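Trainee: Take a look at this one; I'll ask things after.
Bear in mind that the values in this text are calculations on the coordinates, not laboratory data. On a predicted model such as this, the values are computed, not experimentally measured, just so you know. Cβ placement follows ideal geometry from the backbone for every residue including glycine, while neighbour counts extend to all protein chains displayed.
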Amino acid sequence: MMTRKNLRWFLVAGGCFALAVLIFGGRSLLLDWLGESSVYRVVIFSAWVFLAAGAGAVTRGLTDRGSDGEAPAGAVPGNAP
């Protein structure tokens, strides 16, 4: 069941992935504008950071949290099968 909090995480993930695609897709244009400068390398590195943040947001959106938000549903200490 998708809740409003889960939807927010998927929207964040979509935004992160979109930014990463824009940066990686425009690498040649960025290279023309910035050259082999440190700014270019920072921008490319930020695309990798956006990819990682998007993956984390998807993971967070898929995690089933209880009503208090503390632990996943069914994760009770000492409740092993």
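Trainee: Just the residues that are of a type in the set (A, V, I, L, M) and more than 17 Å from Gly15 (Cα to Cα), please, taken from segment 28-52.
Mentor: Within segment 28-52, Leu29, Leu30, Leu31, Leu34, Val39, Val42 qualify.
Trainee: Hey, another quick one. Any residue in segment 6-23 that is more than 14 Å from Trp48 (Cα to Cα) sitting within a Cβ distance under 9 Å of a residue that is hydroxyl-bearing (Ser, Thr, Tyr)? List the pairs, counting only those 6 or more apart or interchain.
Mentor: Asn6/Thr63; Trp9/Thr59; Trp9/Thr63
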